[in-house]
Amino acid sequence: MNGLKIVGMGRGLPVKHVTNDDLAQIVDTNDEWIRKRTGISARYYCSEDESNTTLAYDAVVEAMRSAGISASQVGLCIAATVTPDYAVPCVACRIQEQVGLPDGIPCFDINAACSGFLYGLHLLSCMPVDEERPFALLIGVEELSRVTDMSDRSTCVLFGDGAACAVVKLKKDGEFYSHIGARGNTEILNIPGLNKGMSYIHMSGREVFTFAVDIVEKEIERLEEESNYSLSDMDFVVLHQANERIIRHIQKKRDIPEEKLIVNIGYLGNTSAASVPLALYELWKAGRLSTGKKIFTAGFGGGLTWGSAVLEF
Ligand code: COA
């Protein structure tokens with residue numbers, strides 16, 4: 001197993017910020033309902049000249065700059081997404097081309113929906129390490145506005161676009177706690193295809209809610225049973241930002257102090273694979289991740305998929 005250390009972070013957000021009042025002009029909804037049921041006040045949507053790839057590019061450039069590394073030092077690039085611009089080439093290969101990552105390194109995408117970043121961390125702990133190029137790029141990126149049915153009020157208020165990238169230094173024969181899992185189910189949450197304007201998110205909100213709180217609680221129990229960590233050892237808890245009520249439920253159940261919990265769904269909405277790294281980015285940018293800090297992070301989503309990890313700084 002490899003040890004993982006995040007040494008840089010970056011993000012990419014579209015320019016257009018869409019408020020609940022903006023959505024109330026399009027569908028039968030209102031700011032009060034959305035905020036009370038989800039905690040969301042606004043979200044970002046890509047405009048014509050923005051896309052999954054432009055968001056990923058912005059995140060990668062900032063992350064490499066913050067890590068102080070050049071493209072030639074990157075030995076692996078993974079993008080987690082369910083909304084790539086192209087079916088082929090994948091986002092990671094397009095980033096390789098645009099950023100000038102070394103020829104011959106592995107670059108690929110993973111589709112584990114909102115758990116994508118957790119799946120990516122787990123994979124990084126298992127991948128061969130290129131000792132000459134020990135840095136990996138792990139990107140979470142989504143353009144969910146492209147697959148959002150703007151006439152369906154039960155889903156369109158939830159999702160947003162965005163990207164974040166972590167530069168991860170890999171160390172052979174290290175230690176890293178992570179866990180991933182899945183339970184194949186097409187009914188509860190699906191996006192049938194990738195054709196622009198033709199394929200929308202379908203979701204049974206209540207069932208997803210029940211699944212989410214149950215699986216996050218189980219991931220916390222697993223952490224405490226199968227590792228030497230306990231949740232109270234953690235300096236921060238970063239959960240997938242799907243609905244603030246899900247996060248608050250877990251907070252109450254596990255008595256998580258407010259200052260340890262990261263909640264940024266209010267201005268971003270649910271950005272699927274980008275949600276966990278976008279929350280980590282905020283901690284990083286605020287300078288709250290000094291050496292020795294520990295973060296428990298967990299995600300859940302379509303597939304159904306889930307995952308959790310402990311990041312040590
Ligand atoms: N504005 C106003 N009313 C709305 C609405 C909206 N945007 N969306 C739904 N409603 C209405 C429904 O039509 C329903 O009306 P009715 O009682 O007259 O039939 C009522 O609100 C309750 O709908 P319901 O779907 O039962 O609400 P809810 O409390 O379950 O909240 C979600 C809906 C989607 C916010 C909630 O189920 C949720 O967040 N689930 C998890 C979703 C998720 O995390 N998805 C991503 C997973 S990665």
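General remarks:
- Test: residue in segment 18-37 that is within 16 Å of the ligand (Cβ to nearest atom) and among the aromatic types (F, W, Y): yes
- So F117, is it out of contact with any Lys or Arg (no Cβ under 6 Å at 6 or more places or on another chain), among the aromatic types (F, W, Y) and surrounded by fewer than 23 Cβ atoms within 10 Å (Cβ to Cβ): no
- Hits in segment 1-17 - residues which are touching a residue at least 40 places away in the same chain (Cβ under 8 Å) and of a type outside the set (G, A, S): M1, N2, L4, K5, I6, V7, M9, R11, L13, P14, H17
- Tally, over segment 18-53, of residues that are touching a strand residue (DSSP E or B) at 6+ places or on another chain (Cβ under 9 Å) and under 25 Å from Y86 (Cα atoms): 9
- Segment 38-59: number of residues that are in a loop (DSSP other than H, G, I, E, B) and more than 16 Å from the ligand (Cβ to nearest atom): 6
- Residue in segment 197-211 that is more than 21 Å from F117 (Cβ to Cβ), within 15 Å of the ligand (Cβ to nearest atom) and of a type in the set (G, A, S) present: yes
- Residue ID - farthest from the chain's Cα centre (by Cα), chosen from residues in segment 265-293 that are outside any helix (DSSP H, G or I) and either aromatic (F, W, Y) or crowded, with 16+ Cβ neighbours inside 10 Å (or both): L289
- Filtered residue count, segment 69-111, keeping only those that are within 17 Å of the chain's Cα centre (by Cα) and more than 10 Å from L137 (Cβ to Cβ): 10
- For segment 189-206, taking the residues that are of a type in the set (A, V, I, L, M, F, W, C) and within 20 Å of the chain's Cα centre (by Cα), the one that is modelled with the lowest pLDDT is identified as L194.
- Members of segment 165-196 found to be within 12 Å of the ligand (Cβ to nearest atom) and closer than 24 Å to L278 by Cα, listed by number: L189, N190, I191
- Set F209, F296, F236: member being among the aromatic types (F, W, Y) and modelled with pLDDT under 95: F209
- For segment 231-245, the set of residues classified as part of a loop (DSSP other than H, G, I, E, B) and within 23 Å of R43 (Cβ to Cβ) consists of H240, Q241, A242, N243, listed by residue number.
- The test for being in contact with a helix residue (DSSP H, G or I) (Cβ under 8 Å, 6 or more places away or on another chain) and in a loop (DSSP other than H, G, I, E, B) holds for D28.
- Candidates F300, F296 - the one that is under 28 Å from H17 (Cβ atoms) and part of a strand (DSSP E or B): F300
- Scanning segment 112-128 for residues that are part of a loop (DSSP other than H, G, I, E, B) and either within 18 Å of P84 (Cα to Cα) or under 9 Å from the mean Cα position of the chain (by Cα) (or both) yields a single hit, A112.
- Filtered residues of segment 149-189 (kept if under 28 Å from E62 (Cα atoms) and part of a loop (DSSP other than H, G, I, E, B)): L158, G160, K172, G174, E175, F176
The values are calculated or read from the model by the stated rules, or taken from the named source; none is laboratory data. Just so you know, these numbers come straight off a predicted model, no measurement behind them. In this analysis, Cβ positions are derived from the backbone assuming ideal geometry, glycine residues included, and neighbour counts consider all displayed protein chains.
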